[in-house]
1. Taking residue 298, is it open to solvent by 10 Å² or more (accessible area, probe 1.4 Å) and within 16 Å of the ligand (Cβ to nearest atom)?
2. With the checklist (1) in contact with a Lys or Arg (Cβ under 7 Å, 6 or more places away or on another chain); (2) open to solvent by 30 Å² or more (accessible area, probe 1.4 Å) in hand, flag the one item residue 268 doesn't pass.
3. Checking the conditions here, which among 187, 159, 144 is exposed (fewer than 15 other Cβ atoms within 10 Å of the Cβ), closer than 15 Å to residue 290 by Cβ and more than 9 Å from the ligand (Cβ to nearest atom)?
4. Taking residue 315 as the residue in question, decide whether it is modelled with pLDDT of 95 or more, aliphatic (A, V, I, L, M) and within 13 Å of the ligand (Cβ to nearest atom).
5. List the pairs whose first member sits in region 225-238 and is under 17 Å from residue 362 (Cα atoms), whose second member is open to solvent by 10 Å² or more (accessible area, probe 1.4 Å) and basic (Lys, Arg), and whose Cβ atoms are under 9 Å apart, counting only residues at least 6 apart or on separate chains?
6. Which residue is most open to solvent (accessible area, probe 1.4 Å), if the candidates are limited to region 301-312 and must be near the ligand (Cβ under 8 Å from one of its atoms) and aliphatic (A, V, I, L, M)?
7. Would a scan of region 81-102 turn up a residue that is within 12 Å of the ligand (Cβ to nearest atom) and of a type outside the set (Ser, Thr, Tyr)?
8. Could you tell me whether residue 198 is closer than 30 Å to residue 257 by Cα and open to solvent by less than 40 Å² (accessible area, probe 1.4 Å)?
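The values are calculated or read from the model by the stated rules, or taken from the named source; none is laboratory data. The model shown is predicted, which means the values in this text are computed figures rather than measured ones. Quick reminder, even Gly has a Cβ in these numbers, built from the backbone with ideal geometry, and neighbours come from all protein chains shown. Please note that ligands, DNA and RNA were not included when accessible areas were found on the heavy atoms of the full protein model with its side chains. Shrake-Rupley method; radii C 1.70, N 1.55, O 1.52, S 1.80 Å.
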Amino acid sequence: MNKGRLHMKTLRTDVCIVGGGPAGMMMALLLAKQKVNVLVVERNMNFDREFRGEVLQPRFVQMLDQLNLRSYIESYPHLKLKHGAIMKDSAQIEEFNFTAIDSKFPYAMWMPQPILLQALYKKCQEYPSFSMLFHTKVQSLLKEREEIKGVITKNAQGENLEIQAKITIGADGRFSTIRQLGGFELEYDFYENDLIWFTIPHPKDMDNTLRFYMSKPIYLVLPKYPDLMQIGLAFPKETWKEIRGSGIEKFRGTLKDLNPLFHSFAEELQDFRAFTVLNSRVQYVKEWAKDGCLLIGDAAHCASPVGAMGVSLSVATAIVAADIVWIGLEKQDTTQEWLQQIQTIRSPEIRLFHRSQIRIEKLAIRHTPWLKAIGGTMIPLFIKTKLARAIQRRIFLMPKPLPIDDSFVFEN
Ligand SMILES: Cc1cc2nc3c(=O)[nH]c(=O)nc-3n(C[C@H](O)[C@H](O)[C@H](O)COP(=O)(O)OP(=O)(O)OC[C@H]3O[C@@H](n4cnc5c(N)ncnc54)[C@H](O)[C@@H]3O)c2cc1C
């Protein structure tokens, strides 16, 4: 053992989860409920974050319902989004209605991610086997031959801490440190477009309908809790640099031409700091597991913002992973072979959504004139068909409950 580690403080746990995002916190909660010793390590000092997965599709509500967490999470501040509309310039050409898709889960939720994470954290604290370190960043992995045995972290004071764990979970997002340190390979990494986000005050005369504008660029207007609107402009990846290069004055004009809604926001713009850029990536890791280690959520399968599915797909993987890890610990099996089951269960759905997202990104964002030309006629015709209804159901709802043990269901 090297000299540095001799003086390092050491903690031991069953499961060390790196990353306190939606996937990490949901998995921690489920494992703690099963009395598994679980330690979450989060590099940020709290859950504050902006422009992070806030539209939670009906399938997310469905998962909460399966765990009997729906009323608990819905007791926290959020908006229920029931309607969506497709706009061509300023005219509505079609609408969709979540109530028509499913009566038990007739809405998507808008819940700021800090509120969702705080709610999960608070529930975790009911269980003595749960603990969490904020402001603590993973630096390296502990390894014995090829088996991963934990992590070495550094806290805000610069002190190193060794965490020995039977299983280490990489729930640390799309730029995952565990993925890099563990030598996990990407099978694919698609990146062709960016989404540029900004917010404006919620106009009094506008309702809480999600609006998708088929214009150039195409953009989304989403009601944002408590009283804002979040706008996402979609561009091919090289465009934003060009826009910045042409200066704020020109871009003010572009925004004003796009929608009167943006006039006063554009007026006040002095520079580009009001915008957040999301590289719209679709990534899939070849093998999510190694002996003693597993990737979940965006670290294993990052989704593009198309369809606002990222949180739902990440949390579904976290729920399935909690079940398999719990059984594995009971059987003292933390091998790659055992943990790989999680990918086998989750992969068909993840690949299906990734394929669809990549197809839509290629078509909609890169070939907007095509979409504008025929979309206006085709979409209203298509959206009324049975096929469209079936596709909406497949996107917004899970076809069947997640395969987990009933003991994960929370009492009232
Ligand atoms: C701008 C934007 C908008 C989005 N909008 C939506 C939406 O509306 N709906 C939706 O469903 N999805 C949306 N997504 C996607 C969604 O945010 C992600 O899919 C989801 O957050 C993934 O959850 P996760 O827990 O896997 O990872 P993350 O949420 O990325 O959490 C990872 C956590 O790990 C921590 N971490 C990272 N490295 C380390 C380290 N070395 N040590 C310790 N901690 C570390 C991070 O601080 C973070 O807290 C959006 C994403 C972006 C960027």
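1. Yes; evaluated as a whole, the condition is true for this residue.
2. Going through (1) in contact with a Lys or Arg (Cβ under 7 Å, 6 or more places away or on another chain); (2) open to solvent by 30 Å² or more (accessible area, probe 1.4 Å) one by one, residue 268 breaks only (1).
3. Only one candidate qualifies: 144.
4. Yes.
5. What qualifies is 236/366.
6. 308
7. Yes, region 81-102 contains at least one residue that is within 12 Å of the ligand (Cβ to nearest atom) and of a type outside the set (Ser, Thr, Tyr).
8. yes
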